[in-house]
1. Eigenvalues of the Cα gyration tensor times 5, then square-rooted: what semi-axes does that give for chain A, in whole angstrom, largest first?
2. Using only the alpha-carbon atoms, what does the stretch A:136-266 span along each of its principal axes? Please give whole angstrom values in decreasing order.
3. Per-residue ellipticity at 222 nm for chain A, helices alone: DSSP H runs ≥ 4 residues times -39500 (n - 2.57), over residue total, nearest 500 deg cm²/dmol?
4. Any idea how far the Cα center of the stretch A:221-275 sits from the one of the stretch A:313-345, in Å?
5. With a cut-off of at most 12 other beta carbons within 10 Å, and DSSP calling the residue loop, which GluC sites (Glu not before Pro) in the stretch A:117-168 qualify? Please list them.
6. Could you do me a favour and compute the accessible area per residue for chain A, 1.4 Å probe, result in Å²?
7. Would you look at the GNM of chain A, springs on alpha carbons closer than 10 Å, and say which of A:LEU155, A:LEU232, A:LEU393 moves the most?
8. Ratio of alpha-carbon Rg to the 2.2 N^0.38 Å globular estimate for the stretch A:21-162, to two decimals, please.
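The values are calculated or read from the model by the stated rules, or taken from the named source; none is laboratory data. As the structure is a prediction and not an experimental result, all values here were calculated from the model. Don't worry about glycine lacking a Cβ; one is built from the backbone with ideal geometry, like all the others, and counts go over all protein chains shown. Protein only, heavy atoms only, side chains kept; ligands, DNA and RNA dropped before computing areas. Shrake-Rupley method; radii C 1.70, N 1.55, O 1.52, S 1.80 Å.
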Amino acid sequence: MKYQRIKGTQDILPEAEPYWAHVTSTVQALARRFGFEQISTPMFENTALFARGVGEDTDIVSKEMYTWLDRGKDGEQGESLTLRPEFTAGVMRAYIENGFASRPQPQKLYSVGPIFRREKPQKGRYRQFHQFNAEIIGSDDPVADFEILLLTHTLYRELGFKNLVFQINSTGDPECKPRYVAALKQYLLPYADKLAPTDRDRLERNPLRVLDSKERETLPYLSGAPHIVDYLNDDCKKHFDEVLSYLSAVDIPYQINHRLVRGLDYYTKTVFELWGEGLGAQAALCGGGRYDGLIELLGGAPTPGVGFATGIERIIMSMQDQGIEPPALARPQVFVAYLNEAAKLVAVKLVTDLRNAGVGARIAFGGRSLKAQMKDADRTGCRFALIIGEDELKTNSVILRDLGKSEQASVPMADLQTWVTNLIDVRTTPPQEEQPESAAEEAK
RNA sequence: GUGACCAUAGCUCAAUUGGCAGAGCAUCUGGUUGUGGCCCAGAAGGUUGCGGGUUCGAGUCCCGCUGGUCACCCCA
């Protein structure tokens, strides 16, 4: 066992494929149904993009990035590069760089792919994990916020989650946010020496973060804290109310969570999270919000935006915890077995014809006994076996065996085309009785 | 980054007060000529995570490292 996985990374095994295929295809189909287009940006960017876009003081930038110095020309030191710790900054860079401001606004873009954060791994937390990300760039209309919320809600609902409730709040804008922060600080200051040590620290550096503290000593003082919604200016207040009214209009439940503030610097106005079960301390299934100043910060024209990201692994883990089963994957329905070298040649042609006709087929490998081949046919869940032996070669026919019914018939090779045509229906029909075919499934 | 617990075959786990590393499942091959599931037999599979130490002798005791799990921090 010389080589092993890098800490915090994972091998996604075939057993997990039904979940991954289901979640990723659902996500993509849904994004397209909502009118989003896919954008795929590089997995690494200039370090400065993330430092600026995510915020120097965030945990992500200050201690969780995979950063290295690239090689420059003639042995000189190259630029500092970083594996993306989130999608948004890279998507914004692409928006600016590709002149998306000259396309019809707003632009609705989604991405799916790996994200890297150098954290200590635990349940539901990996150093390389996958996100589905969606952004609406170029509109400050509250209906854009609503679209993002509706997209996430629809996603989880269609995946089979029940009782979904958004945690939602507004963090105001650069005009009203500071007023609230001052008020919050003023309220907390008298209790400063009674707060948990970490929160005393936060009170100085980032008072907003005291709000979502989980420290026992701090909690009693938070209930009386001022609410940011009471400090919003007219614009932010109106925006927030509108978003909520749209949610109500389509009966999407939400809770205003006055203590919800998100860790990334760029959020303005709407912020939200959705919590899942079975994730231990990593309850957040997704998070998102509005980031009206971000594009300008990154060198573009002032452009509003709103978006969200969700973790694929966390979705799958939560599904498993709640017993939500993904649909079975389609797999080959026909197994071609043979008895000698001459028959093998016919089998090769046969399996090729089947596949060209759109029928999923497997061919036996190696000089194994027919018994071993049939066992393989059974284990791989095929519904039919085609067997070619000496007699079949002589009579130019094949044996077609129905593995479910344990019936078989000799079919002239000439008629096989008809059989194949009938089998094409089999291709599109999901497998009926699932045979337990792997150790992993039986072990469960 | 901090703390707690854990590490034996592909998987799930055994192994008396330190005394020859085992089972079930999975894998492969058979159970007479060319047929799957059930059953039976056999085979293969381990430097007990890695490296030190104590001891006549270490899977077992001690130390370090690596990895895993859970929690803190923060987040997906």
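1. Largest first, chain A gives 55, 24, 22 Å.
2. 47, 34, 23
3. So the helix-based figure for chain A works out to -11000 deg cm²/dmol.
4. Going from one Cα centre to the other spans 45 Å.
5. Within the stretch A:117-168, no GluC sites (Glu not before Pro) qualify (loop, at most 12 other Cβ atoms within 10 Å).
6. Ligands and nucleic acids excluded, the result is 52 Å² per residue.
7. The residue with the greatest mean-square fluctuation here is A:LEU393.
8. Rounded to two decimals, the normalised Rg is 1.17.
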